[in-house]
Amino acid sequence: MTATPHPSLGAPGQGAAADLGAAADLGAAGGPMAVRLIDVDAGYGDRIALQDMDLEIPVGALVAIVGPNGGGKSTLLKLIAGLLRPWRGTVEVLGAPAGRESRRVAYVPQAELVDWSFPVNVWNVAMMGRYPRLGPLRQPGKRDHEAVEAALERVGLSDRAHSPIGALSGGQRRRAFLARAMAAEADLYLLDEPVTGVDVPTQEAIMELLAAEADEGKSVVATTHDLAAAARHFRSIVAVNRRIVASGSADLVTNAEVLARVYGGHLLMLGDRMGVLDDSHHHDDASGSERHFHEDSRGGGS
Ligand code: ADP
Ligand code: MG
């Protein structure tokens, strides 16, 4: 498919998506799908957040949802998790309507939304991953303990099992939540900004674990606004800014045309390097409907 320069991809009423690789380009065409959105609109109150979403994520994918702040990344994850109902269209997850297969789905919210003062230790955080299997009455059994132990071992927190979650560093907290997801032994991981704000070694460790999960046939969908991290650590991307702006292999995010479409005028060229000037860009901004992608900003510095 060809890249059609389009000055107003953020605006309503334009063609649905992805000139740069259709949703099916996330690999494994014809294979089983972990996630399928068909013609979905969603929002909050009377405000639309996502529009005309058609998306297929194959089983075994390691996909980054990228896009500016407010672009709808978290909303997309919540739709897939079944936490938010679409206004229109259908969301299928692991072959069933979203929310139905919740035992097979591990959702981890953005760290900023977690109350870290909640008095719970690392072991119990990981055990929470087993709750969907336990139900309200069953006590954790041997199998649950083994799953928690294995998960803590994998994220390198075995020796912190009895520490209160609030006593951990930011990176350790993130790993504790990853352990919760892994203890669930889910088939689909939905991770909201799992590597945002953590140090590079922790990023590497987390992404190594997720890549290993994908290699085992699990599906991993994670949001990030860190484009460099997306290109480096994920195998495919979906770029959203109210709509799906592009999707395809992860190196798409190094494509200037795609970046311009995702970030509108908030992109800076510095020689051959690209940076996002203003991550608070919002799709309601009038400026978002114009491209300011000047040759003359090369080397401009500020
Ligand atoms: P991102 O994760 O890409 O930063 P979000 O999915 O959080 O974007 O937000 C998409 C849009 O939906 C934004 O305009 C945001 O203000 C709005 N939004 C997100 N969550 C809520 C909510 N709980 N109530 C009302 N509006 C929301
Ligand atoms: Mg978000």
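Just so it is clear, none of the values below were taken in a lab; they were calculated from the coordinates. Predicted model, so just to flag it, every value in this text is computed and none were measured. Note that we place each Cβ from the backbone using ideal geometry, even for glycine, and neighbour counts take in every protein chain shown.
Calculated FRET efficiency, GLU204 and LEU83, Cβ-Cβ r, R0 22 Å, to nearest 0.05?
0.15
Sort GLU193, GLU153 so that the residue with the fewest other Cβ atoms within 10 Å of its own Cβ comes first and the one with the most comes last.
The order, fewest Cβ neighbours first, is GLU153, GLU193.
For TRP123, TRP87, what ranking results if the residue with the fewest other Cβ atoms within 10 Å of its Cβ goes first?
The order, fewest Cβ neighbours first, is TRP87, TRP123.
Quick check on packing: order 234-240, 105-111 by the mean number of other C-beta atoms within 10 Å, highest mean leading.
Top to bottom by mean Cβ count within 10 Å: 234-240, 105-111.
How large is the Kirkwood hydrodynamic radius of the range 103-235, counting all unique pairs of alpha carbons, in Å?
Here the Kirkwood hydrodynamic radius works out to 14.9 Å.
How much length, in nm to one decimal, is gained on full extension between THR254 and SER169, taken as 0.36 nm per residue of separation minus their Cα-Cα distance?
Result for the pair: 27.4 nm of gain on full extension.
When you take every Cα atom in the range 22-113, what is the radius of gyration, and what is Dmax, the widest Cα pair distance, in Å?
Just the Cα atoms of the range 22-113 yield Rg and Dmax of 12.8, 38 Å.
Mind ranking 69-79, 213-223 by how tightly packed they are, going by the mean number of other C-beta atoms within 10 angstrom, highest first?
Going by the mean number of other Cβ atoms within 10 Å, highest first, we get 69-79, 213-223.
So how far apart, in nm, are the two label points at ALA212 and GLU153 if each is 7 Å from Cα heading toward Cβ?
Spacing of the two 7 Å Cα→Cβ label points: 1.1 nm.
What list do you get for ARG242, ARG143, ARG160 if you sort them by fewest beta carbons within 10 Å?
The order, fewest Cβ neighbours first, is ARG143, ARG160, ARG242.
Rounded, prolate or oblate: which one fits the range 129-202, using the alpha carbon gyration tensor with axes a ≥ b ≥ c (rounded when a/c is under 1.5, else prolate when a/b beats b/c, else oblate)?
Since a/c reaches 1.5 and a/b is larger than b/c, the shape of the range 129-202 is classed as prolate.
May I ask for the net charge around VAL35, where only other residues with Cβ less than 9 Å from the Cβ of VAL35 are counted and Lys, Arg are +1 while Asp, Glu are -1?
Counting the neighbours of VAL35, the net charge comes to -1.
Can you report the principal axis dimensions of the range 62-146 using only the alpha carbons, biggest first, rounded to whole angstrom?
41, 32, 24
Can I get the semi-axes of the range 164-258's equivalent ellipsoid? Compute them from the C-alpha gyration tensor as square roots of 5 times the eigenvalues, in angstrom, largest first.
Semi-axis lengths for the range 164-258 are 24, 16, 12 Å.
Go ahead and collect, in residue order, the members of the range 145-171 whose backbone nitrogen is under 20 Å from a label point 7 Å along the Cα-Cβ direction of ARG133.
Counting only backbone N, you get 145-158, 161.
At 7 Å along the Cα-to-beta-carbon direction for both ALA96 and ASP41, put a label point, then send me their distance in nm to one decimal.
Between ALA96 and ASP41, the label points sit 2.9 nm apart.
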